[in-house]
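Visitor: Got a structure for you, written out below as structure tokens; questions coming shortly.
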Amino acid sequence: MSIIYYLDHPCAVKDNVRPGRMLRLLYGRERANEALNRARRTAPDARPEDVRVELSLKDSEGNVNLVNATAADILRQYQELERHAHHCLECKARVESHAFGCRGCIDFPFSLKAETMLMQRVRASDGDPTAGMLANYFENNGITGNRAADMRNLPGVFFESSMPLVRRLTDGRKVSSNQVFELFFQTGHVGPKHARFLLGMFDMLEPNLPIDRPLNTLPNLFVVEKEDAGMVVQRTGLKVKAGEQDRCARQLENFLGGLLLASELNHDLWIKI
């Protein structure tokens, strides 16, 4: 199970394959490859034609249906999308480096390192009003973290840790990683302005990076450039630098890069658990 997110950037791929269809084909390919890899652990010669896969797909009315097909059939359908992969080579909206990288995922269980990475971005409350503003936002918008707390009732499934991380503010209020998780991942949709709000509230936005340095010399994991008449006039980066992270935390870094792209390219980011 995963958190799936998708940056709604118009492109030649989506001119040929509708976004919903694209996401279903990518989901099917992943499930087919997982099933094939499992089968080959015990039967190295297992053929895609002999491996069955069950997919949970929603119809136009939102009802979930189970579809049973062979891995070969699913991978054959994926070719409809794969033939357009060359359009992704120069795409500026890729969160991940491979084709169709405008769609990414964070695999469960959500690791303690990933939770720590987010909570470390909650600014200290001494002399800085940002943490208090965040607590106010939670209170005013009903972000309790209860849904994330319920997910922790299944040990090791959705979260590595059975307990959330908590930061106590100087005014006595608390901010928990359950609330932060709900804020980032359980709204379903993040618009460009809200993406910028999140990055600013968690001190992850670095505007006005130097434009006279080669891009590969900047320490930022993600940088968005704005051009005028073919010349770079502004760079904005994600204030998160590569470090010793586990797989989940690295996937989280990509998601944060997606927020930066949503903010700077003026696109919506769609999120589904």
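The values are calculated or read from the model by the stated rules, or taken from the named source; none is laboratory data. The shown structure was predicted, so the numbers you read here are calculated from the model rather than taken from an experiment. With ideal geometry, Cβ positions are generated from the backbone for all residues, glycine too; neighbour counts draw on all protein chains shown.
Visitor: Can Gly200 be described as farther than 16 Å from Asn141 by Cα, out of contact with any helix residue (DSSP H, G or I) (no Cβ under 8 Å at 6 or more places or on another chain) and of a type in the set (Gly, Ala, Ser)? Give the derivation first.
Guide: Values: farther than 16 Å from Asn141 by Cα: yes; out of contact with any helix residue (DSSP H, G or I) (no Cβ under 8 Å at 6 or more places or on another chain): yes; of a type in the set (Gly, Ala, Ser): yes.
The answer is yes for Gly200.
Visitor: Just wondering, is there one or more residues in the range 94-113 that are among the acidic types (Asp, Glu), in a helix (DSSP H, G or I) and either under 17 Å from the mean Cα position of the chain (by Cα) or buried (at least 17 other Cβ atoms within 10 Å of the Cβ) (or both)?
Guide: Quick first cut of the range 94-113, residues among the acidic types (Asp, Glu) only: 96, 107.
Then drop every residue that is not in a helix (DSSP H, G or I), which leaves none.
No.
Visitor: Identify, by number, the condition in (1) more than 23 Å from the chain's Cα centre (by Cα); (2) assigned to a loop (DSSP other than H, G, I, E, B) that Leu36 doesn't meet.
Guide: (2)
Visitor: Could you go through the range 242-256 and let me know if any residue there is over 26 Å from Ala114 (Cβ atoms), in contact with a Lys or Arg (Cβ under 9 Å, 6 or more places away or on another chain) and surrounded by fewer than 16 Cβ atoms within 10 Å (Cβ to Cβ). Let's see the steps before the verdict.
Guide: Our first condition is that a residue be over 26 Å from Ala114 (Cβ atoms); within the range 242-256, this holds for none.
Checking the range 242-256: not a single residue is over 26 Å from Ala114 (Cβ atoms), in contact with a Lys or Arg (Cβ under 9 Å, 6 or more places away or on another chain) and surrounded by fewer than 16 Cβ atoms within 10 Å (Cβ to Cβ).
Visitor: Check the range 12-19 and report whether any residue there is touching a His at 6+ places or on another chain (Cβ under 8 Å) and closer than 26 Å to Glu227 by Cα.
Guide: Applying the first criterion (touching a His at 6+ places or on another chain (Cβ under 8 Å)) to the range 12-19 yields 12-13, 16-17.
Still in the list and also closer than 26 Å to Glu227 by Cα: 12-13.
Checking the range 12-19: at least one residue is touching a His at 6+ places or on another chain (Cβ under 8 Å) and closer than 26 Å to Glu227 by Cα.
Visitor: Oh, and also: Does Leu23 satisfy the condition of being under 29 Å from His194 (Cβ atoms) and outside any loop (DSSP other than H, G, I, E, B)?
Guide: Values: under 29 Å from His194 (Cβ atoms): yes; outside any loop (DSSP other than H, G, I, E, B): yes.
Answer is yes for this residue.
Visitor: Can you name the residue in the range 1-20 that is in a helix (DSSP H, G or I) and within 19 Å of the chain's Cα centre (by Cα) and, of all such residues, is surrounded by the most Cβ atoms within 10 Å (Cβ to Cβ)? Show your work before the answer.
Guide: Within the range 1-20, the subset in a helix (DSSP H, G or I) is 12-16, 19-20.
Filter once more, so that each one left must be within 19 Å of the chain's Cα centre (by Cα): 19-20.
Numbers: Pro19: 17, Gly20: 11.
Checked the range 1-20; the qualifying residue surrounded by the most Cβ atoms within 10 Å (Cβ to Cβ) is Pro19.
Visitor: Could you grab the pairs with beta carbons closer than 8 Å, sequence gap of 6+ or different chains, first residue in the range 196-223 and crowded, with 18+ Cβ neighbours inside 10 Å and at pLDDT 90 or above, second one assigned to a helix (DSSP H, G or I) and of a type in the set (S, T, N, Q)?
Guide: Taking only residues 6 or more apart or on different chains, the pairs are Arg196/Ser263; Leu199/Ser263; Met201/Thr130; Leu205/Ser263.
Visitor: Can you tell me how many residues within the range 143-172 are surrounded by 14 or more Cβ atoms within 10 Å (Cβ to Cβ) and outside any loop (DSSP other than H, G, I, E, B)?
Guide: The first filter runs over the range 143-172 and keeps only residues surrounded by 14 or more Cβ atoms within 10 Å (Cβ to Cβ), leaving 143-145, 147-149, 151-152, 158-161, 164-165, 167, 169.
With outside any loop (DSSP other than H, G, I, E, B) added as a condition, the list becomes 147-149, 151, 159, 167.
Residues flagged as surrounded by 14 or more Cβ atoms within 10 Å (Cβ to Cβ) and outside any loop (DSSP other than H, G, I, E, B) within the range 143-172 amount to 6.
Visitor: While we're looking at this one, here's another question. Please give the strands (runs of 3 or more DSSP E) falling wholly within the range 173-273 in which 2 or more residues are within 21 Å of Tyr5 (Cα to Cα).
Guide: Working: elements: 174-176, 223-228, 231-238, 269-272.
Qualifying strands (runs of 3 or more DSSP E): 223-228, 231-238, 269-272.
Visitor: Can you go through Arg41, Arg29, Arg76 and tell me which one is exposed (fewer than 12 other Cβ atoms within 10 Å of the Cβ), at pLDDT 90 or above and part of a helix (DSSP H, G or I)? Break it down into steps so the answer makes sense when it comes.
Guide: Working: Arg29 fails: exposed (fewer than 12 other Cβ atoms within 10 Å of the Cβ); Arg76 fails: exposed (fewer than 12 other Cβ atoms within 10 Å of the Cβ).
When all the criteria are applied, what remains is Arg41.
Visitor: Further question on the same structure: List pairs: first residue in the range 154-167 and farther than 15 Å from Gln179 by Cα and touching a residue at least 24 places away in the same chain (Cβ under 8 Å), second residue among the polar types (S, T, N, Q) and surrounded by 16 or more Cβ atoms within 10 Å (Cβ to Cβ) anywhere in the structure, Cβ distance under 8 angstrom, at least six positions apart or on different chains.
Guide: Partner pairs satisfying both residue conditions: Glu160/Ser111.
Visitor: Pick out the one residue from Phe100, Phe110 that is over 19 Å from Phe185 (Cα atoms) and not acidic (Asp, Glu). Reasoning before the result, please.
Guide: Details: Phe110 fails: over 19 Å from Phe185 (Cα atoms).
Criteria check complete, one pass: Phe100.
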